[in-house]
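The values are calculated or read from the model by the stated rules, or taken from the named source; none is laboratory data. As the structure is a prediction and not an experimental result, all values here were calculated from the model. Here the Cβ positions follow ideal geometry from the backbone for every residue, glycine too, while neighbour counts run over all protein chains shown.
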Amino acid sequence: MTTIAHTPEDLTPAWFTDMLRGAKRVTDSTVDTVEIDVVGTGQLGSLLRAALSYDRPEPDAPHSVIVKLASTDDGSRAMGVRTGAYEAEVRFYQQIAPTIRMDLPDCYYAAFDAQHGWTTLVLTALIERVAPLAPKWIRGWGTPRVVQHGDYRLDNMLLATRSDVPRITVVDWQTVKLGPPTIDASYYLGVCLPIEERRRHECDLIAEYHGRLIVAGVRDWSWDDCWLEYRTQSIYGLYMALVFGAQVKQTERGDAMFAMATRVYADLALDHDAAGLLEQQL
């Protein structure tokens, strides 16, 4: 039985052989060599690419995979457990991903240790196939609710450079939950557009988004309801930046990212008087 990996050193040829047999990707062959490269170091863990070679060829055996591990920093890992981020992404790939129409990485292995906070995900690498539990305040969210990414920004999108693959592949589902459609929209616009561009175009963009949601089957949700919710939920990005920035392991890259996010999301929330709207609704 495959055990959860804690560090890159745990990702041995024997580990990958056992994992891929459990995923029914190999039957007779074994993994011969493993070469690990660090792709990124997020605030809650590390992202690795593993290049694999085998003692004999098999048609479904992947030669490159992406591995996500929990942080080895106790504070960051505890944050991942408290927010439900680790468990949310594992459950997403286990239970939700097979039911939705979106280009996602194939998941070969997903496991979470609730007691100690360790988690391991093994996903299709882009080279082969172009792939938290909500805080208490979301209990006040109304309808409609959609599958919400929760960290919907360009850093978590893989953009195709060829016409024969999906144009956009969305990754990093650690903050998946059911929530208002406007949270992902406000989160994206707040950080992915320059402030003046966002102010100039956001109403038209949200109107188009609302129209597409109605076509997709959302009911009993007027444009006025959508715009009010967008303004109210615009505080979500500021909440995320402040909470995560204060509690995860500090790095130069992370500090710069959270400082920028706090600045642009504060502008977004102030533009829409999100705090005042929340006070009226509580």
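So which strands (runs of 3 or more DSSP E) stay within the range 12-116 end to end and still have 1 or more residues that are basic (Lys, Arg)? Working first, answer last.
Numbers: elements: 31-41, 45-54, 64-70, 107-112.
By residue number, 45-54, 64-70.
Restricting attention to the range 191-222, which residues are surrounded by 12 or more Cβ atoms within 10 Å (Cβ to Cβ) and outside any helix (DSSP H, G or I)?
193, 218, 221
Just to be sure before I move on: is residue 46 surrounded by fewer than 21 Cβ atoms within 10 Å (Cβ to Cβ) and polar (S, T, N, Q) in the structure I sent? Steps first, answer last, please.
Details: surrounded by fewer than 21 Cβ atoms within 10 Å (Cβ to Cβ): yes; polar (S, T, N, Q): yes.
When the stated conditions are applied, residue 46 passes them.
Looking only at the range 85-118, count how many residues are closer than 17 Å to residue 157 by Cβ and surrounded by 22 or more Cβ atoms within 10 Å (Cβ to Cβ).
Residues meeting the conditions: 3.
Would you confirm whether or not the range 239-260 contains a residue that is among the aliphatic types (A, V, I, L, M), closer than 12 Å to residue 182 by Cβ and modelled with pLDDT under 90? Before the answer, list the steps.
Pass one, the range 239-260, residues among the aliphatic types (A, V, I, L, M): 240-243, 246, 248, 256-257, 259-260.
After this cut, where a residue has to be closer than 12 Å to residue 182 by Cβ as well, the list is none.
For the range 239-260, residues among the aliphatic types (A, V, I, L, M), closer than 12 Å to residue 182 by Cβ and modelled with pLDDT under 90: absent.
Can you tell me which residues in the range 214-230 are under 25 Å from the mean Cα position of the chain (by Cα) and among the acidic types (Asp, Glu)?
229
Restricting to the range 97-143, name every residue that is among the acidic types (Asp, Glu) and at pLDDT 55 or above.
Filtering the range 97-143 down to residues among the acidic types (Asp, Glu) leaves 103, 106, 113, 128.
Scanning the range 97-143 gives 103, 106, 113.
Would you mind finding the one in 11, 48 that is closer than 27 Å to residue 160 by Cβ, of a type outside the set (Val, Ile, Thr) and touching a strand residue (DSSP E or B) at 6+ places or on another chain (Cβ under 9 Å)?
Details: 11 fails: closer than 27 Å to residue 160 by Cβ.
Step by step, each of 11, 48 is checked, and only 48 is closer than 27 Å to residue 160 by Cβ, of a type outside the set (Val, Ile, Thr) and touching a strand residue (DSSP E or B) at 6+ places or on another chain (Cβ under 9 Å).
Given the conditions (1) touching a Ser or Thr at 6+ places or on another chain (Cβ under 7 Å); (2) assigned to a helix (DSSP H, G or I), and given that residue 188 satisfies all but one, which numbered condition is not satisfied?
(1)
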